[in-house]
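What follows is one structure encoded as structure tokens, with my remarks underneath.
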Amino acid sequence: MNSAIRLSRNERGEQRRIDVSFEFFPPKDESMEKILWESIERLAPLSPNFVSVTYGAGGTTRERTHATVKRILAETPLTPAAHLTCVAAARGEVDEIVRNYHGAGVRHIVALRGDPADGAGERYAPHPGGYQNGADLVAGIKRISSDFEVSVSAYPEKHPDSPTVDADIDMLKAKLDAGAGRAITQFFFENDLYFRYLDRVRARGIDIPIVPGILPVQNFKAATNFAARAGASVPAWLAERFHGLDNDPATRKLIAAAVAAEQVLDLVDRGVTQFHFYTMNRADLVYAICHLLGLRPAVEQAA
Ligand code: FAD
């Protein structure tokens, strides 16, 4: 595949190369599988750096995550990144999954602790014979093979379990020291939160990319619930923008595109060149935002 055009011009007129990645979740049934693959096919010509596939809470999607990752490898030119959590699993079990991915040709893992087995908000207890947290898991993956690229999570508004932002950044540092090469943030809607966090992270000597995770708001109610579980704030101005549109999906979609466009273009103006999109397995909005970012499909470029 030809590589896509991926240049964006910021407000000072400087051209920058923009890199994107897309996150998908493994489908539950045949109709969702169809939607997922249509989305992957639509977004693939934008030549993302990688596409990641989530791992359901406590490994509940284990087989579906593996099947999706392996199909991406077999049937597309894309580079998959497999999410993996260590909650409620013995080390041996997790290690076997990592070896299995390595054998299949997967070389990128998004390593996460995972939410407590009883659900987000409960107290986390590591499996007695398992990895303790994200950092411990990163070290385990790197021990199995140093050629894995490992991405980890980062929380501009602090992880709900963390007593302070500094404790959270200590964990990020531990993940970097264990071998993580990139952090992807929880989604956020106020860019200032991201830049304040970035300042603190850089001041702590953490120099890996901290890639902003962007959630295009396809469904405001679902995004609000998701945010409450993830410890992300939903500003009043955002609620106001979607207010009164519950029964008007067409306008909601236009507003969602406008909100996300405003957010990413402001990030570009302020120097950001890498983006991770939480696609929710839908291509339209993400495709439009990438177009605004200057990404063009490889085919169009060749024509
Ligand atoms: P860690 O980095 O290990 O810890 C997160 C924070 O919690 C740390 O900053 C630390 O300060 C604090 N902490 C950790 N342990 C303790 C403790 N015992 N006591 C007090 N504080 C503690 N979840 C899934 O199930 N599947 C996925 O595919 C998935 N993908 C994700 C992708 C991204 C980009 C992000 C941002 C999150 C994702 N999550 C996923 C959610 C993630 O699993 C949860 O947020 C989980 O609660 C924390 O995992 P972590 O790897 O961030 O944890």
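Some points to look at:
- Qualifying residue in segment 81-92 (condition: hydroxyl-bearing (Ser, Thr, Tyr) and either part of a loop (DSSP other than H, G, I, E, B) or within 9 Å of the ligand (Cβ to nearest atom) (or both)): yes
- Among helices (runs of 4 or more DSSP H) entirely within segment 218-295, having at least 2 residues that are closer than 21 Å to residue 42 by Cα singles out 249-269, 284-292.
- Only residues that are surrounded by 19 or more Cβ atoms within 10 Å (Cβ to Cβ) and of a type in the set (Gly, Ala, Ser) were counted in segment 253-282, giving 2.
- Test: residue 146 is crowded, with 21+ Cβ neighbours inside 10 Å and polar (S, T, N, Q): no
- Residue in segment 278-293 that is modelled with pLDDT under 95, of a type in the set (D, E, K, R) and either within 16 Å of the chain's Cα centre (by Cα) or more than 22 Å from residue 168 (Cβ to Cβ) (or both) present: no
- Condition check for residue 154: touching a Leu at 6+ places or on another chain (Cβ under 6 Å), touching a residue at least 12 places away in the same chain (Cβ under 8 Å), within 21 Å of residue 185 (Cβ to Cβ) and within 11 Å of the ligand (Cβ to nearest atom): yes
- Residue in segment 39-55 that is within 18 Å of the chain's Cα centre (by Cα), of a type outside the set (Gly, Ala, Ser) and farther than 21 Å from residue 187 by Cβ present: no
- Scan segment 132-146 for residues that are in a loop (DSSP other than H, G, I, E, B) and either more than 14 Å from the ligand (Cβ to nearest atom) or in contact with a strand residue (DSSP E or B) (Cβ under 9 Å, 6 or more places away or on another chain) (or both) and the total you get is 2.
- Residue among 129, 114 that is touching a helix residue (DSSP H, G or I) at 6+ places or on another chain (Cβ under 7 Å), within 12 Å of the ligand (Cβ to nearest atom) and in a loop (DSSP other than H, G, I, E, B): 114
- Extreme residue, nearest to the ligand (Cβ to nearest atom), among residues of segment 170-199 that are over 22 Å from residue 81 (Cβ atoms) and in contact with a helix residue (DSSP H, G or I) (Cβ under 6 Å, 6 or more places away or on another chain): 189
- Of all the criteria given as (1) in contact with a helix residue (DSSP H, G or I) (Cβ under 9 Å, 6 or more places away or on another chain); (2) modelled with pLDDT of 95 or more, the one not satisfied by residue 162 is (2).
- Per this entry, residue 152 is counted among residues that are of a type in the set (Val, Ile, Thr), surrounded by 15 or more Cβ atoms within 10 Å (Cβ to Cβ), modelled with pLDDT of 95 or more and not in a helix (DSSP H, G or I).
- Inclusion of residue 101 among residues that are among the hydroxyl-bearing types (Ser, Thr, Tyr), part of a helix (DSSP H, G or I) and buried (at least 20 other Cβ atoms within 10 Å of the Cβ) is warranted.
- Exclusive hit being touching a residue at least 12 places away in the same chain (Cβ under 8 Å) and among the acidic types (Asp, Glu), set 38, 75: 38
- Within segment 26-75, the set of residues being under 22 Å from residue 284 (Cα atoms), touching a helix residue (DSSP H, G or I) at 6+ places or on another chain (Cβ under 8 Å) and near the ligand (Cβ under 10 Å from one of its atoms) comprises 26, 53, 54.
- Members of segment 14-25 found to be surrounded by fewer than 18 Cβ atoms within 10 Å (Cβ to Cβ) and either within 15 Å of the ligand (Cβ to nearest atom) or more than 24 Å from residue 181 (Cβ to Cβ) (or both), listed by number: 14, 15
The values are calculated or read from the model by the stated rules, or taken from the named source; none is laboratory data. The model shown is predicted, which means the values in this text are computed figures rather than measured ones. Cβ coordinates were reconstructed from backbone atoms using ideal geometry, including for glycine residues, and neighbour counts include every protein chain displayed.
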